[in-house]
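Asker: Dumping the structure here so I can ask a few things about it.
The values are calculated or read from the model by the stated rules, or taken from the named source; none is laboratory data. If you're wondering where the values come from, they're calculated on a predicted model, not measured in any experiment. All Cβ positions, glycine included, derive from the backbone under ideal geometry; neighbour counts span all protein chains shown.
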Amino acid sequence: MSVPRVAMFLCHCHKSSGDLNRAVRIGEEALQGCRDQGLDGSDDYFMLAATVMEAYGDLGDEAHAAAWARQLVTQAEAAGSRSGQAALYWNASLLAERDGRLDDALEYSHRAIAHLGELGDSRDLARLKVDSAAVPAQTAAAIKAGRVDLDDPAVTLALLKLNAVVGVKGVFNGSGQITSMGITCALCHSTVDDSFAPGIGRRLDGWPNRDLNVGAIISLAPNKKPLTDLLGVDEAAVGQALAAWGPGKFDATLSLDGKAFRPDGKTGATLIPPAFGLAGVDLATYTGWGSVTYWNALVANLEMHGRGNFDDDRLDDASQFPVAARNRLGHVRNQPDLVTPKLAALHVYQLAIPAPKPPRGYFDAAAARRGRVIFEGKGQCQSCHMQPRGTQAGWNLVTPADICTDAFTASRSPTGRYRTTPLVGIFARSKGGFYHDGRYANLAAVVEHYDDCRGLGLTAREKADLVQYLRAR
Ligand code: HEC
Ligand code: HEC
């Protein structure tokens with residue numbers, strides 16, 4: 001390891017332990033050493049400087065940190081240090097955000113994303129969607145003609161002002177400056193139809209966004225302290241967990257049990273499910289945590305940090321939910337409670353989102369008709385995926401053994417079981433695979449699995465027909 005790297009590491013250690021003065025002193029000495037040896041144009045130099053700059057900010061010396069940030073950014077640009085610039089832009093963005101200079105913060109974070117993208121850092125793959133109906137015709141025409149730079153922060157701000165970024169809400173003051181921003185359920189549970197351009201189109205509410213890389217977005221946060229504090233692990237561990245999620249997935253249980261990985265080393269994250277077709281379904285989530293309204297309350301309070309009340313004694317079980325028990329997440333109280341009054345309307349709205357019908361040509365109708373007979377007969381699918389919702393009428397949970405699958409994700413839920421996934425709108429949720437973690441790449445693989453598991457003895461044609469029937473749902 002190079003000297004600046006060692007210093008950066010030490011600087012981080014002292015910062016995390018709260019000894020900011022020591023962090024700054026060690027960092028400054030190493031930076032001086034670099035300058036003495038003529039190493040002050042290297043990537044490592046700028047990355048260390050970015051760390052020290054952040055420590056000055058933490059010390060409350062924000063004016064010094066901000067002035068220094070401007071100077072360092074110019075130097076790194078002149079030296080052509082890409083990693084250095086990326087690190088500096090991030091930390092400058094963090095400082096600006098803390099200062100309330102959100103326009104600057106956005107500008108810096110945009111530049112950082114651009115650099116990370118060029119460095120092959122996959123973090124820029126976090127695909128947000130744009131609602132074309134919210135964009136005025138003139139702007140839309142300019143986008144089409146290629147006259148709008150979608151990487152320009154001013155464009156992002158304009159789109160946020162139009163409320164056109166699906167699932168992201170900006171709050172602007174009287175003079176049009178952004179003062180805060182937040183996310184909505186639509187970030188994950190809506191997408192667009194790409195009718196205008198990839199990622200830009202009409203809103204499809206309730207459809208899972210299987211392009212969205214939630215882990216990559218969270219890992220862009222310059223400050224991971226809320227996560228490291230909650231989970232009681234270091235930044236590297238948080239980074240590893242987030243990087244493993246990949247597109248279309250999120251781990252809603254990580255902040256309750258701290259289990260980032262399965263025993264086989266794969267991520268513990270699950271696919272983002274659709275939010276449509278849930279009316280008439282008893283338990284929600286892949287493992288049946290509770291009703292839709294129970295889960296809405298959990299997500300609003302524990303995942304999205306809305307300020308409300310939330311209660312669940314099951315989260316006091318410290319052996320199953322060490323993080324939740326330690327942080328008393330089963331007993332959240334806020335005055336005033338801003339969440340509960342919204343739950344009724346949210347529930348009604350959600351249950352009213354119908355499952356979309358597959359487009360013409362998505363399935364072979366004759367084969368699908370034959371497939372239905374298999375589904376309800378020889379395939380035994382109907383014993384769990386009952387018509388018409390595609391899940392059991394009543395208590396809709398089964399044991400992992402019932403579907404010949406491992407118990408990992410089930411064991412992270414108070415139920416210890418899997419919920420029979422309602423089979424509606426299959427075409428709108430086939431990207432990313434099937435089953436809670438996308439382990440089966442396509443429907444043929446799912447059917448193959450059931451044939452093995454239940455010894456169904458389906459012929460090749462029966463399997464193919466069954467797949468067409470599923471595609472028709
Ligand atoms: C960061 C992405 C993300 C956001 C934001 C999000 N969810 Fe989810 N949602 C998920 C994932 C992943 C699951 C699957 C969790 C599981 O089954 O363990 C899920 C599951 C659900 C389910 C259960 C669906 C089913 O098939 O039973 C409902 C209902 C739901 N979310 C509602 C909401 C609401 C309401 C909000 C906003 C308050 C919201 N979600 C915000 C990712 C998200
Ligand atoms: C014993 C109950 C049971 C039977 C029988 C059963 N399933 Fe399932 N099915 C489930 C459960 C539970 C899941 C959720 C598994 C998971 O997410 O890990 C599921 C998931 C699925 C999925 C994936 C849905 C998605 O969006 O991820 C498909 C497709 C499916 N089943 C089709 C079938 C077919 C076809 C049959 C008959 C050959 C069948 N199932 C028989 C319980 C059952």
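Asker: Would you mind telling me which numbered condition in (1) in a helix (DSSP H, G or I); (2) within 16 Å of ligand 1 (Cβ to nearest atom); (3) surrounded by 14 or more Cβ atoms within 10 Å (Cβ to Cβ) Ala344 fails?
Answerer: Tallying (1) in a helix (DSSP H, G or I); (2) within 16 Å of ligand 1 (Cβ to nearest atom); (3) surrounded by 14 or more Cβ atoms within 10 Å (Cβ to Cβ), Ala344 fails exactly one: (3).
So that you can scan it fast, the table gives a plain yes or no per residue for (1) within 16 Å of ligand 1 (Cβ to nearest atom); (2) crowded, with 21+ Cβ neighbours inside 10 Å; (3) under 23 Å from the mean Cα position of the chain (by Cα):
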{"site": "Ile426", "(1), (2), (3)": "yes, yes, yes"}
{"site": "Ala444", "(1), (2), (3)": "no, no, no"}
{"site": "Val447", "(1), (2), (3)": "no, yes, no"}
{"site": "Asp452", "(1), (2), (3)": "no, no, no"}
{"site": "Leu458", "(1), (2), (3)": "no, no, no"}
{"site": "Arg461", "(1), (2), (3)": "no, no, no"}
{"site": "Asp465", "(1), (2), (3)": "no, yes, no"}
{"site": "Leu470", "(1), (2), (3)": "no, yes, no"}
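Asker: Select from the stretch 181-236 the residues that are touching a residue at least 12 places away in the same chain (Cβ under 8 Å), part of a loop (DSSP other than H, G, I, E, B) and more than 17 Å from Ala428 (Cα to Cα) and list them in ascending order.
Answerer: Within the stretch 181-236, Thr184, Cys185, Phe196, Asn213, Leu220, Pro222, Asn223, Lys224, Gly232, Val233, Asp234 qualify.
Asker: May I ask you to list the residues in the stretch 163-180 that are without any contact (Cβ under 8 Å) to a residue 60 or more places away in the chain and either loosely packed, with under 15 Cβ neighbours inside 10 Å or at positive phi (or both)?
Answerer: Answer for the stretch 163-180, where residues must be without any contact (Cβ under 8 Å) to a residue 60 or more places away in the chain and either loosely packed, with under 15 Cβ neighbours inside 10 Å or at positive phi (or both): Asn163, Gly167, Lys169, Val171, Asn173, Gly174, Ser175, Gly176.
Asker: Would you be able to tell me the number of residues in the stretch 431-473 that are within 8 Å of ligand 2 (Cβ to nearest atom) and at pLDDT below 95?
Answerer: Of the residues in that region, 0 qualify.
Asker: Please determine whether any residue of the stretch 300-307 is within 27 Å of Cys384 (Cβ to Cβ), more than 14 Å from the chain's Cα centre (by Cα) and not assigned by TED's automatic domain parsing to the domain that holds Thr391.
Answerer: So in the stretch 300-307, the residues within 27 Å of Cys384 (Cβ to Cβ) come out as none.
No.
Asker: So Gly330 clears everything in (1) at pLDDT below 95; (2) under 23 Å from Asp257 (Cβ atoms) except one condition, right? Which one?
Answerer: (1)
Asker: Scan (1) in a loop (DSSP other than H, G, I, E, B); (2) modelled with pLDDT of 95 or more; (3) basic (Lys, Arg) for the single condition Arg360 breaks and write down its number.
Answerer: Among (1) in a loop (DSSP other than H, G, I, E, B); (2) modelled with pLDDT of 95 or more; (3) basic (Lys, Arg), Arg360 violates only (2).
Asker: So, one more: Being touching a His at 6+ places or on another chain (Cβ under 8 Å) and either crowded, with 21+ Cβ neighbours inside 10 Å or under 11 Å from Asn91 (Cβ atoms) (or both) is the filter here, so list the residues in the stretch 15-54 that pass it.
Answerer: The first filter runs over the stretch 15-54 and keeps only residues touching a His at 6+ places or on another chain (Cβ under 8 Å), leaving 20, 22-23, 26, 51.
If the condition is that a residue be touching a His at 6+ places or on another chain (Cβ under 8 Å) and either crowded, with 21+ Cβ neighbours inside 10 Å or under 11 Å from Asn91 (Cβ atoms) (or both), then Ala23, Ile26, Thr51 are the ones that fit.
Asker: Check Pro354, Pro322 and return the single one that is surrounded by 11 or more Cβ atoms within 10 Å (Cβ to Cβ) and within 30 Å of Asp193 (Cβ to Cβ). Walk me through how you get there before you give the answer.
Answerer: Working: Pro322 fails: within 30 Å of Asp193 (Cβ to Cβ).
Residue meeting the stated conditions: Pro354.
Asker: With respect to Asp316, determine if the residue is closer than 27 Å to Pro422 by Cβ, charged (D, E, K, R) and at pLDDT 95 or above. Let's see the steps before the verdict.
Answerer: Values: closer than 27 Å to Pro422 by Cβ: no; charged (D, E, K, R): yes; at pLDDT 95 or above: yes.
It is false that Asp316 is closer than 27 Å to Pro422 by Cβ, charged (D, E, K, R) and at pLDDT 95 or above.
Asker: Surrounded by fewer than 19 Cβ atoms within 10 Å (Cβ to Cβ) and in the same structural domain as Leu298 (by TED's automatic domain parsing): which single residue out of Asp194, Asp234 fits that description? Steps first, please.
Answerer: Working: Asp194 fails: in the same structural domain as Leu298 (by TED's automatic domain parsing).
It is Asp234.
Asker: How many of the residues making up the stretch 303-341 are part of a helix (DSSP H, G or I) and farther than 20 Å from Thr293 by Cβ? Show your work before the answer.
Answerer: Here is the first cut: in the stretch 303-341, the residues part of a helix (DSSP H, G or I) are 303, 313-316, 322-326, 340-341.
Add one more test, that the residue is farther than 20 Å from Thr293 by Cβ, and what stays is 316, 322-323, 325-326.
Result for the stretch 303-341: 5.
Asker: If you don't mind, there's one more thing I want to ask. Out of the residues in the stretch 400-416 meeting the condition of being out of contact with any strand residue (DSSP E or B) (no Cβ under 8 Å at 6 or more places or on another chain) and assigned to a loop (DSSP other than H, G, I, E, B), tell me which one is farthest from ligand 2 (Cβ to nearest atom).
Answerer: My answer is Pro414.
Asker: Now for a separate question. Restricting attention to the stretch 180-188, does a residue exist that is more than 19 Å from the chain's Cα centre (by Cα) and not assigned by TED's automatic domain parsing to the domain that holds Met304?
Answerer: The first filter runs over the stretch 180-188 and keeps only residues more than 19 Å from the chain's Cα centre (by Cα), leaving 180.
Imposing the further condition that a residue be not assigned by TED's automatic domain parsing to the domain that holds Met304 reduces the set to 180.
Yes: the stretch 180-188 contains one or more residues that are more than 19 Å from the chain's Cα centre (by Cα) and not assigned by TED's automatic domain parsing to the domain that holds Met304.
Asker: OK, next. Being free of Cβ contacts under 8 Å to residues at least 12 places away in the same chain, over 15 Å from Gln468 (Cα atoms) and away from ligand 2 (no atom under 12 Å from the Cβ), is that true of even one residue in the stretch 346-353? Can you show your working first?
Answerer: Our first condition is that a residue be free of Cβ contacts under 8 Å to residues at least 12 places away in the same chain; within the stretch 346-353, this holds for 348-349.
Those still in the list that are over 15 Å from Gln468 (Cα atoms) too: 348-349.
Then keep just the ones that are away from ligand 2 (no atom under 12 Å from the Cβ); that gives 348-349.
Checked against the condition, which is being free of Cβ contacts under 8 Å to residues at least 12 places away in the same chain, over 15 Å from Gln468 (Cα atoms) and away from ligand 2 (no atom under 12 Å from the Cβ), the stretch 346-353 yields at least one hit.
Asker: What are the residues in the stretch 293-305 that are surrounded by fewer than 20 Cβ atoms within 10 Å (Cβ to Cβ) and either more than 16 Å from ligand 2 (Cβ to nearest atom) or in contact (Cβ under 8 Å) with a residue 40 or more places away in the chain (or both), if any?
Answerer: Just the residues of the stretch 293-305 that are surrounded by fewer than 20 Cβ atoms within 10 Å (Cβ to Cβ), to begin with: 293-295, 299, 303-305.
Result: Thr293, Tyr294, Val299, Glu303, Met304, His305.
Asker: For Ile353, are the conditions met, namely being outside any helix (DSSP H, G or I) and among the aliphatic types (A, V, I, L, M)? Lay out the reasoning, then the answer.
Answerer: Numbers: outside any helix (DSSP H, G or I): yes; among the aliphatic types (A, V, I, L, M): yes.
Answer is yes for this residue.
Asker: Same structure again: Could you count how many residues in the stretch 377-391 are assigned to a loop (DSSP other than H, G, I, E, B), away from ligand 1 (no atom under 14 Å from the Cβ) and modelled with pLDDT of 95 or more?
Answerer: Going through the stretch 377-391, the residues assigned to a loop (DSSP other than H, G, I, E, B) turn out to be 377-380, 384-391.
Applying the additional criterion that residues be away from ligand 1 (no atom under 14 Å from the Cβ) yields 377-380, 384, 386-388.
Restricting the remaining residues to those that are modelled with pLDDT of 95 or more gives 377-380, 384, 386.
The total comes to 6.
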